[in-house]
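Enquirer: Okay, here's the structure, questions in a sec.
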Protein chains: 2
Amino acid sequence: MTSLFSRMVDQPSAHAAVASPPGPGLPRRLSTEQILRAAEAVFAAHGYAGATMAAIAERAGLPKANLHYYFRSKEQLYRAVLEDILATWLADADHWIVPERDPAEALAGYIRVKMRLSRARADASRIFAGEMLGGAAHVRDFLSIELRAHVERLDDTFRHWIAAGRMRPLPGKHLMFCIWAMTQSYADFSVQMQAVLGRAGTLEEQDFEDATRMVLQLVLGAVAVDGGSAAGRRDTPPGHQGTARA
Amino acid sequence: MTSLFSRMVDQPSAHAAVASPPGPGLPRRLSTEQILRAAEAVFAAHGYAGATMAAIAERAGLPKANLHYYFRSKEQLYRAVLEDILATWLADADHWIVPERDPAEALAGYIRVKMRLSRARADASRIFAGEMLGGAAHVRDFLSIELRAHVERLDDTFRHWIAAGRMRPLPGKHLMFCIWAMTQSYADFSVQMQAVLGRAGTLEEQDFEDATRMVLQLVLGAVAVDGGSAAGRRDTPPGHQGTARA
DNA sequence: GTCTATATCTCGATAGAC
DNA sequence: GTCTATCGAGATATAGAC
């Protein structure tokens, strides 16, 4: 949450004002949380350029000037929102995809968590997607340092499984790209799916269950070392399902 | 290209000025093509709100006012770009995914075409993705009418194959969502992949080949009715590969 | 048809009262 | 710390000469 990312920011002290408040931190923390939540919604809906400070202020129920009191500029507010998102981004994969697990169990657990995230935090996913579309100017270093190392680690785990004959040989990085693409698209492209499936305002619980089953079938089918791919069908990996963030 | 889409526009006559030019159409057509190409690049890079008419004009090598001569407003120009994209969007699936083909051959052919499109027309894919992120305000009707019918048709073909025992039972619509997600993400999220794979400016030919193989393995493995999934591995469906647009 | 110059408006950011 | 009023940059769009 504080400074997890090597150099997400160009300017010296990103939001030090938020990290070390000079007075009693409580009201400050309340206001900033309020602003960040409003900003996440507005940035997700309109993108960085399309979002206006006025719209964020209105949604937060505050006058415009207060935003500039807590965040020096629009860009800094945007970066703060992005940090919030990225901070929680990598934990799940590192929790599930570890050499000790069975490959099918690990991937199934990860996919279920990611699908649940697409539903519960769709706005966060959309902001990240918009950032990628725009060339990722604000998170370049995060991608090529943190994320790259992260994927390298996952790929090592895949190689380990493959060498042990527990998983069919696959390009691990592209496997991750595909899993991300499928799971996140149920957040990023949900309008499209709603239209195609004839849903009114949002996708339904049933849709996410169907989607999860589809993704599981695709991934587990390709990963399974033989015909008997019984794992990950219905069972919950022992004692971890509840731990993962919703 | 002209008015393929039921009601993409709210205002009465979308760009009738382009459809029926009053003078010799050649210079007009040249300028509009020039503008549309520049607009596609700029809208893709900055989104609708982030793109400026000045930037589009500069890229097209024309003064700003000329854009407003050919297109009444920024929004109308954007819609024209979107129409251009959507017009070529649906043809491939209807070409490949037809009941007469073998399911594995059909899906393999379609996936290869979509992956090639992600490379050759990445900007178009990104504009569409941005439009989805923003709530699809400009293409709502296209999604819920044309695209919905399109997917319904594809789903019928899947049901046909499943009933004939040529394909494993799968939710056809979600299968299409997943195929789109995976193939298009190699255009929309290519910055992310470049960073993770350590590529300089763009993804390389080899990356797209690896990606295509990965997607094929995922989809064909889940679709194949038995263990012997020999189809779609390397061979080209007879006499159609060359027909598909690059 | 093409371009220069400009009107009009919106947004980010700040000054300064409270 | 909080808010009102406002400045100035930059955007869309147009007027009008050529």
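The values are calculated or read from the model by the stated rules, or taken from the named source; none is laboratory data. All of these numbers come straight from a predicted model, not from anything done at the bench. Ideal geometry is used to build each Cβ from the backbone, glycine not excepted, and the neighbour counts take in all protein chains shown. To get the accessible areas, we keep the full protein, side chains included, count just its heavy atoms, and leave off ligands, DNA and RNA. Shrake-Rupley method; radii C 1.70, N 1.55, O 1.52, S 1.80 Å.
Enquirer: Within the stretch A:147-160, which residues are more than 13 Å from the chain's Cα centre (by Cα) and within 11 Å of another protein chain (Cβ to nearest Cβ)?
Expert: Once the filter is applied, which keeps residues that are more than 13 Å from the chain's Cα centre (by Cα) and within 11 Å of another protein chain (Cβ to nearest Cβ), the stretch A:147-160 yields A:R148, A:A149, A:H150, A:V151, A:E152, A:L154, A:D155.
Enquirer: Would you list the helices (runs of 4 or more DSSP H) that sit entirely within the stretch B:29-146 and hold 3 or more residues that are open to solvent by 10 Å² or more (accessible area, probe 1.4 Å) and facing chain A (nearest Cβ under 10 Å)?
Expert: B:122-133
Enquirer: Then there is this: Report whether or not B:R153 is in a helix (DSSP H, G or I), modelled with pLDDT of 95 or more and either in contact with a strand residue (DSSP E or B) (Cβ under 9 Å, 6 or more places away or on another chain) or open to solvent by 10 Å² or more (accessible area, probe 1.4 Å) (or both).
Expert: Spelling it out, B:R153 is indeed in a helix (DSSP H, G or I), modelled with pLDDT of 95 or more and either in contact with a strand residue (DSSP E or B) (Cβ under 9 Å, 6 or more places away or on another chain) or open to solvent by 10 Å² or more (accessible area, probe 1.4 Å) (or both).
Enquirer: Confirm whether A:L67 is modelled with pLDDT of 95 or more and either within 14 Å of A:Q34 (Cα to Cα) or touching a Leu at 6+ places or on another chain (Cβ under 6 Å) (or both).
Expert: Against the criterion (modelled with pLDDT of 95 or more and either within 14 Å of A:Q34 (Cα to Cα) or touching a Leu at 6+ places or on another chain (Cβ under 6 Å) (or both)), A:L67 qualifies.
Enquirer: Please identify the pairs in which a residue from the stretch A:51-69 that is more than 9 Å from DNA strand C (Cβ to nearest atom) has its Cβ atom under 9 Å from the Cβ atom of a residue that is open to solvent by 80 Å² or more (accessible area, probe 1.4 Å), counting only partners at least 6 apart or on another chain.
Expert: As it stands, the answer is A:E58/A:K64; A:R59/A:R37; A:A60/A:R37, since those pairs meet every condition given.
Yes/no per residue for (1) part of a helix (DSSP H, G or I); (2) open to solvent by less than 10 Å² (accessible area, probe 1.4 Å); (3) not β-branched (V, I, T):
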residue: B:R159; (1), (2), (3): yes, no, yes
residue: B:R168; (1), (2), (3): no, no, yes
residue: B:A187; (1), (2), (3): yes, yes, yes
residue: B:Q194; (1), (2), (3): yes, no, yes
residue: B:D210; (1), (2), (3): yes, no, yes
residue: B:G221; (1), (2), (3): yes, no, yes
residue: B:D226; (1), (2), (3): no, no, yes
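Enquirer: While we're here: Got a number for residues in the stretch A:172-213 being touching a residue at least 24 places away in the same chain (Cβ under 8 Å) and more than 7 Å from chain B (Cβ to nearest Cβ)?
Expert: Going through the stretch A:172-213 one residue at a time, the tally reaches 11.
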